[in-house]
Every structure is written in C-alpha cells, then in structure tokens.
Amino acid sequence: MELDFERCYRAVDSRDQRFDGWFYTGVTSTGIYCRPSCPAVTPKRHNVRFFPSAAAAQGAGLRACRRCRPDVSPGSPEWDVRADVVGRAMRLIADGVVDRDGVPGLAARLGYTERHLHRMLRAELGAGPLALARAQRAQTARTLIESTELGLAEIAFAAGFGSVRQFNDTIREVYGVPPSQLRAGRRTALGGSGTITLRLAYRPPLHAPALLEFLALRTLPGIDEVRDGTYRRGLRLPHGTGAVALTPADGHVAATLRLTDLRDLAPAVARCRHLLDLDADPVAVDQTLSADPALAAAVAAEPGVRVPHAVDGFEMTVRAITTQQVSLTSARTTLTHLLTTLHTPALKGVDQEVCVGDGAREDANLLINGAEGVSVGEEGVRVGGFPAAEEVLGVPDEGFRMPAGRREAIRAVARAVVAGELDLEVGGERGEVARRLARVPGVGPWTGGYIAMRALGDPDVFMPTDLAVRRGAAALGLPDSPAALDEYATRWRPWRSYAVVRLWRAA
C-alpha cells in the first residue's frame, strides 16, 4: 500500500482521529509506533515512517506506544469495503482463520497458493499472513492478561500461541515489557466471573439509535433482544458458544462477552465489530450521500448512520429468505416457530451482563482489534446462538410455516453450506456467493442483495424493488419506480447500502 508522506504527516500533526486505523506512525528516535491521533508531541519529519499495518511496524522493530495504545484504533475501513483477495484475507485473519487452520487453511479459503497470498499481503500491508495473525494474537493475549485471572500459560494457548516461550517473546517485542509486568500494571476493573469486558472503538459519528431500532424490529426470542439501550445476543463461534451485550456509549461501544472457550475472543470481537459496522468511515459515506439534495437534510439530522450487518451469515440468509414478500412481524412469527421446533436451548450459565458506561475513564485500556476494557454492572438474560445449517436440515416440513418454495430454498442453502460449496461469512467472495445464490430456486435478486449487504458487508448494494426503499424514495421526492430509482442511485456509489438504510428510515 502506497502511503503519501505529506498527507500522513499532516494527519499526525493535526492529531486527526479520522485516520486512526488507516495507517500507523513509526517514530525511529523512540522505537515506538503510534496511531495518528497520539497526543504526544509531533515527532520531527526525519524521525517518522508510516506503516499500513501494526504488523508492518512490528516487523520494523518498533513496539506499541503505551500512551495512545495504537491497537485501540478501529480497523481500517478499507478491509470492509474491498472485495478483493487482500480485503477478504484481512477479514478472515481478524476472524482467527490463521490461528485455527494456519496459512494453508487461509490460502485454501481464498483459492490462492500460500506463496502468492504472502506476496499480495506483503505488497499491500508490509507483512505476511503469519505476521498479521501474530499481531492479533498479541492483542488478544494482552486483553486476557489484563482482564482475566487466568494463568499466563493458559493465556498463551488461549490466544493462539504455539508455546509459552513464543508468547513471552512476542509480548516483550510488541509491548516492550514481559507479560507479568502487563498484568501488574493493569488498572481496569474486571467484570463478573467468566466475563470479559471491552470497549469497541469506532470512528465518529455513530448514530446508535438507528442501529438499535433496526435490530429491535428483527429480534427473535432466545436469540437476541434490545432492552434498555443494550443489544444482547448469542454467538456460535469456532470453538464453542458465547453471548454478548453491546451498549453504545460516548466514543465507544461497551461490550461484555461470555465465552465457553477463550480462543474465541478474537473472532467474537471481530464479529461484533462487523455486526455494528464499527470499522466504517462515516465521514466519507456522509459526504457522498449529502451531496444529493434529496438526502442532505437526513444526513445533517442523523450523521453516522451505519449498515447493521450480521454475526452469522447462514442465520442472516435464513432470515432473508423467510422475509421475502412478507412483513417483519410475519417473518418473526415464522422464524420463532422454526426455532421452537428445533428446541434451541438457551446457553446454560450464560447470564449476560449489561454495560453501564462507567468505563469512560481513559485509564481503562484493555484492547484487541479496537477493543478496550471497561467496568460493567450486572443484569441477567439468557440467549443462545442461531442453529447451524446441519440442525436446520433436520427440521421436518411442519417446522417451516412458509410456502414450500421458501422452505426448499433454505434447505438448498443449508446443504450448500454444509458441503462447503457456499461461504456466507465475511471472507466469502461476493461475486461467487451471488452467482451460487442465483442458482438456488426461490432466491431472487432482492434476497441476494440483502445477503450481500448484511452478511457479507458489501457497502454498495442497492435494492430498487424493495417496497420500503421505494416508499422512502417517494417520501423524499425521488423516483419510486424500480428502473428509474436504480438509475438515480448510481450517484450514491460506492455507498448505496448506506443509502438503502437512509431510505428505509425515510419510509
């Protein structure tokens, strides 16, 4: 990735938070790397180097700044937007694929050789997949060191390190101190037994009410809920189950996680960030949409509206197919019956705690991929993850209170997921997913677009046949016929998914 020195240096000199996560500032005179908004005195030009990733800065022998904690930064929005191999690789690395399956597993998911993948990542990010995964493991380890009472050996393996020695060496190299010193210096109050409490950073502004309202209209009993300004849901993760409570607060989203296996911390955080679209660049999105007079007033009144995504691509696909040509209320009733048929149990012992926001103190600095620790209060709720594709395949016909075509479409998708022919998660190749879904009887353009927007995180999806989109367009004085509206929407590229959310709100 080519970084323009002058532009980067101006961002550092002005301490512009909008660039946090886009690049990292290496200071050769001190041997540290920082985020652009670091409050320290701006280093002299000849002492500065810029890096496209924390892993690249670490590879140059620099350690993380203890003042600005550069891994507090939200992730680069580029990896959410880009649908190419590098973008997909970054999303999969964040989800822990390298830790679980190694570089061969990552390369296989992407359809490239290990050598070519390494070459592409080095060219774009200054570091290969192992180095990028290693940087993430270090962040995960520090979170566990500072937020749990686990022994350091347990933390080493939970974070994905192959040995305690590798763990110790990495922590010393990345943070400049041994693991024991990180633990001795912690200042963050811990959550209750079995919980990990975090702050998820984002680029302001964030219109939290829009996110919570959208999710509240679509909650399912035993899966998720919105109550008292907090969204809670169950999670199906690579090594087990979990649950999370997410509470938007000033400058961050407070999160409380309960995991049956601590190796799932990094994937859980990555999926929660994806769910709330926390790595987006709202300034860039709003600038494009506000250039249209029809949307300018809405953007000015509600800056920072995000696209609610998903923590489970298969779940989102089932929801999308069920919602075809019916109201949200009807779809929720149908899905509730399906879940009842499956007898999905609540996660035993997963009593979710509510974040009360007293973690605004800047000294609460536990972080992982843009997450840092806070204190929380307690309030119980039991939730479970959405059933897996294998479970849905076992549901009898009477469990699907929907037309036969939709029922068989869900089964066809489930079979493709089980067979490994369809990747509906964030690392899925968007074009290939669209082509495979188009071949499923009962899955039309609206459903494919909805899945691309919410499950895969495509920022440039437009659904001109959607009834609410058309109603919102009419309310704003825009053409509401599908063909005319589709043509008009080209002016909103590459952020048409955000325009869809705006039109839904206008409706």
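The values are calculated or read from the model by the stated rules, or taken from the named source; none is laboratory data. For clarity, every value in this text was computed on a predicted model and none was experimentally measured. Methodologically, a virtual Cβ is constructed for each residue, glycine included, from the backbone with ideal geometry; neighbour enumeration extends over all protein chains shown. Only protein heavy atoms, including side chains, enter the accessible area calculation; ligands, DNA and RNA are left aside. Shrake-Rupley method; radii C 1.70, N 1.55, O 1.52, S 1.80 Å.
Per this entry, residue 384 is not counted among residues that are at pLDDT below 95, under 21 Å from the mean Cα position of the chain (by Cα) and over 18 Å from residue 315 (Cβ atoms).
Among the residues making up region 112-144, those that are under 20 Å from the mean Cα position of the chain (by Cα) and either within 22 Å of residue 78 (Cα to Cα) or among the polar types (S, T, N, Q) (or both) are 125, 129, 132, 133, 134, 135, 136, 137, 139, 140, 143. Sort through 49, 7 and tell me the only one that's closer than 27 Å to residue 84 by Cβ, modelled with pLDDT of 95 or more and open to solvent by 70 Å² or more (accessible area, probe 1.4 Å). Just one listed residue meets the conditions, 49.
Among the residues making up region 160-182, those that are in a loop (DSSP other than H, G, I, E, B) and in contact (Cβ under 8 Å) with a residue 24 or more places away in the chain are 160, 161, 176.
Entry remark, region 223-241: residues being part of a strand (DSSP E or B) and either in contact with a His (Cβ under 7 Å, 6 or more places away or on another chain) or open to solvent by 40 Å² or more (accessible area, probe 1.4 Å) (or both) number 5 in total. Pairs meeting the criteria (first residue in region 105-122 and on the phi > 0 side of the Ramachandran plot, second residue buried (at least 16 other Cβ atoms within 10 Å of the Cβ) and not small (Gly, Ala, Ser), beta carbons under 8 Å, at least 6 apart or on different chains) are 111/429.
Summed over region 150-159, residues that are under 27 Å from the mean Cα position of the chain (by Cα) and outside any helix (DSSP H, G or I) total 2. Screening residue 68 on (1) more than 30 Å from residue 433 (Cα to Cα); (2) open to solvent by 10 Å² or more (accessible area, probe 1.4 Å) shows it passes everything except condition (2).
For region 463-478, indicate whether the set of residues that are closer than 27 Å to residue 85 by Cα and out of contact with any Asp or Glu (no Cβ under 7 Å at 6 or more places or on another chain) is non-empty. Show your work before the answer.
First pass over region 463-478, keeping only residues closer than 27 Å to residue 85 by Cα: 463.
Next, only the ones that are out of contact with any Asp or Glu (no Cβ under 7 Å at 6 or more places or on another chain) stay: 463.
Yes, there is a match, as at least one residue in region 463-478 is closer than 27 Å to residue 85 by Cα and out of contact with any Asp or Glu (no Cβ under 7 Å at 6 or more places or on another chain).
Out of region 464-497, which residues are open to solvent by less than 40 Å² (accessible area, probe 1.4 Å), assigned to a helix (DSSP H, G or I) and in contact with a Lys or Arg (Cβ under 8 Å, 6 or more places away or on another chain)? 472, 485, 489 - these are the residues of region 464-497 that are open to solvent by less than 40 Å² (accessible area, probe 1.4 Å), assigned to a helix (DSSP H, G or I) and in contact with a Lys or Arg (Cβ under 8 Å, 6 or more places away or on another chain). The single condition from (1) open to solvent by 20 Å² or more (accessible area, probe 1.4 Å); (2) of a type in the set (A, V, I, L, M); (3) not in a strand (DSSP E or B) that residue 215 fails is (1).
Taking only region 483-507 into account, find how many residues are farther than 24 Å from residue 217 by Cβ and either within 26 Å of the chain's Cα centre (by Cα) or not aromatic (Phe, Trp, Tyr) (or both). So the count comes out to 8. Here residue 431 clears all of (1) in a helix (DSSP H, G or I); (2) open to solvent by 20 Å² or more (accessible area, probe 1.4 Å); (3) within 25 Å of residue 78 (Cα to Cα); (4) at pLDDT 95 or above except the condition numbered (4).
When each of 328, 342, 338 is tested for being farther than 27 Å from residue 77 by Cα and within 25 Å of the chain's Cα centre (by Cα), the lone residue that passes is 328. Selection of region 441-463 for residues being assigned to a loop (DSSP other than H, G, I, E, B), touching a helix residue (DSSP H, G or I) at 6+ places or on another chain (Cβ under 8 Å) and open to solvent by 20 Å² or more (accessible area, probe 1.4 Å) yields 441, 442, 458, 460, 462. Restricted to region 42-61, and to residues there that are in contact with a helix residue (DSSP H, G or I) (Cβ under 9 Å, 6 or more places away or on another chain) and hydrophobic (A, V, I, L, M, F, W, C), the residue that is nearest to residue 8 (Cα to Cα) is 50. Being more than 30 Å from residue 335 (Cα to Cα), in contact with a Phe, Trp or Tyr (Cβ under 7 Å, 6 or more places away or on another chain) and free of Cβ contacts under 8 Å to residues at least 24 places away in the same chain: is that true of residue 141 here? So residue 141 fails the test.
If you filter region 267-322 down to residues that are of a type in the set (Val, Ile, Thr) and open to solvent by 30 Å² or more (accessible area, probe 1.4 Å), you find that the one that is modelled with the lowest pLDDT is 283.
Filtered by the rule that a residue be hydrophobic (A, V, I, L, M, F, W, C) and not in a loop (DSSP other than H, G, I, E, B), region 1-53 gives 5, 8, 11, 12, 19, 23, 27, 32, 34, 48, 50, 51. Hey, among 270, 296, 284, which residue is in a helix (DSSP H, G or I) and touching a Leu at 6+ places or on another chain (Cβ under 9 Å)? Exactly one of 270, 296, 284 is in a helix (DSSP H, G or I) and touching a Leu at 6+ places or on another chain (Cβ under 9 Å), namely 296.
Once region 242-266 is narrowed to residues that are assigned to a helix (DSSP H, G or I) and not small (Gly, Ala, Ser), the residue that is most open to solvent (accessible area, probe 1.4 Å) is 263. Is there a residue in region 75-92 that is modelled with pLDDT under 90, open to solvent by less than 20 Å² (accessible area, probe 1.4 Å) and either over 17 Å from residue 128 (Cα atoms) or within 12 Å of the chain's Cα centre (by Cα) (or both)? Yes, region 75-92 has at least one match.
The selection criterion, being over 17 Å from the mean Cα position of the chain (by Cα) and either under 27 Å from residue 70 (Cα atoms) or surrounded by fewer than 20 Cβ atoms within 10 Å (Cβ to Cβ) (or both), holds for residue 182.
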